[in-house]
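Below: the structure, in structure tokens.
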Amino acid sequence: MDALERVVKPKTKRAKRFLEKREPKLSENIKNAMLIKGGNANSTVTQVLRDVYALKKPYGVLYRKKNITRPFEDQTSLEFFSKKSDCSLFMFGSHNKKRPNNLVIGRMYDYHVLDMIELGVEKFVSLKDIKNSKCPEGTKPMLIFAGDDFDVTEDYRRLKSLLIDFFRGPTVPNIRLAGLDYVLHFTALNGKIYFRSYKLLLKKSGCRTPRIELEEMGPSLDLVLRRTHLASDDLYKLSMKMPKALKPKKKKNISHDTFGTTYGRIHMQKQDLSKLQTRKMKGLKKRPAERITEDQEKKAKRIKKN
């Protein structure tokens, strides 16, 4: 039995806390990413991994040593590293004559490879080459996807989902305008994917809403899609399954229209409108003669009944 698969009983409180963090939860931990160099990675691929790690900090693990593995042929080493470092996302960089400047980006489900897409780097500009101010560590980015391919082609649709998973960062309940520091822009055009990152500058506009300017901060990559290893539809749906405890309970007799207005339906007993208290007005008061005639009519009805 593998050392990572056998049941381990904690001997110290620290080990117990460590194992509790890795237990299944209703709201899972933030997804961490591991960035791995292949056995023949060149300087370009190494710098790409370093720049992506700089964007992912502190939710990433960068492996400094080279690892001789081929993700599309043997995935056991990736699954081993995923279990060891508790990472559900990975990026693997390699370089050879057949596939130069190669990146493999993927994600795990239950410590097994779910999706895996291979990308080739055709042009690369590093963070160091662009001499502009950078965003602070741990900043949550804004993601923009441009191009019809991200909505039409299945491979590009999965790539979009994978990139959102990779760069989205932690889930936050509220957003502060000053906290929106940088943008990651992905454009699919003519069979290529253009990856650009911009720093957001808030300028004075003379009114309450500031004027926004974008300043390129790097890294900048021109990517081309190569091989894909996609999960089956059944496995993909299983990985997206939400626990029953997190599903919102359906509220009865409440509906919403297209504009978001909430409507509620109230069930009441049948009302007797003759006993309804209305506003008293002098003009609606009955005259003494009308009252006498009504009393006489009531007496006549009682006599007939008797």
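Restricting attention to the stretch 196-215, which residues are exposed (fewer than 15 other Cβ atoms within 10 Å of the Cβ), under 30 Å from Gly93 (Cβ atoms) and of a type outside the set (A, V, I, L, M)?
If the condition is that a residue be exposed (fewer than 15 other Cβ atoms within 10 Å of the Cβ), under 30 Å from Gly93 (Cβ atoms) and of a type outside the set (A, V, I, L, M), then Glu215 is the only one that fits.
Please enumerate the residues belonging to the stretch 48-103 that are of a type in the set (Val, Ile, Thr), closer than 24 Å to Lys140 by Cβ and more than 22 Å from the chain's Cα centre (by Cα).
Within the stretch 48-103, just Val48 meets the criteria.
Within the stretch 242-273, how many residues are farther than 30 Å from Tyr109 by Cα and open to solvent by 100 Å² or more (accessible area, probe 1.4 Å)?
14
Would you confirm, using the coordinates I've provided, whether Pro58 is outside any helix (DSSP H, G or I) and at pLDDT 85 or above?
Values: outside any helix (DSSP H, G or I): yes; at pLDDT 85 or above: yes.
Criteria met by Pro58.
Residue by residue through the stretch 230-241, note down the ones that are in a loop (DSSP other than H, G, I, E, B) and either open to solvent by less than 100 Å² (accessible area, probe 1.4 Å) or under 20 Å from Gln75 (Cα atoms) (or both).
Leu230, Ala231, Ser232
Every residue, every condition in (1) over 20 Å from Ala231 (Cβ atoms); (2) in contact with a Leu (Cβ under 9 Å, 6 or more places away or on another chain); (3) charged (D, E, K, R), yes or no:
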{"position": "Gly60", "(1), (2), (3)": "yes, yes, no"}
{"position": "Lys84", "(1), (2), (3)": "yes, yes, yes"}
{"position": "Arg99", "(1), (2), (3)": "yes, no, yes"}
{"position": "Asn102", "(1), (2), (3)": "yes, yes, no"}
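In the list Arg291, Arg227, which residue meets the criterion of being surrounded by 10 or more Cβ atoms within 10 Å (Cβ to Cβ) and under 30 Å from Val125 (Cβ atoms)?
Step by step, each of Arg291, Arg227 is checked, and only Arg227 is surrounded by 10 or more Cβ atoms within 10 Å (Cβ to Cβ) and under 30 Å from Val125 (Cβ atoms).
Which residue pairs have Cβ atoms closer than 7 Å, lie 6 or more positions apart in sequence or on different chains, and pair a first residue in the stretch 88-108 that is charged (D, E, K, R) with a second residue that is open to solvent by less than 20 Å² (accessible area, probe 1.4 Å)?
That search, which allows pairs on different chains as well, returns Arg99/Gly120; Arg107/Leu89; Arg107/Leu114; Arg107/Asp115; Arg107/Leu162.
Take the stretch 61-74 and flag every residue that is basic (Lys, Arg) and either in a strand (DSSP E or B) or surrounded by 17 or more Cβ atoms within 10 Å (Cβ to Cβ) (or both).
Hits for the stretch 61-74 are Arg64, Lys65, Lys66.
The values are calculated or read from the model by the stated rules, or taken from the named source; none is laboratory data. These numbers come from a predicted model, not from an experiment. Neighbour counts run over all protein chains shown; Cβ positions are idealised from the backbone, glycine included. Please note that ligands, DNA and RNA were not included when accessible areas were found on the heavy atoms of the full protein model with its side chains. Shrake-Rupley method; radii C 1.70, N 1.55, O 1.52, S 1.80 Å.
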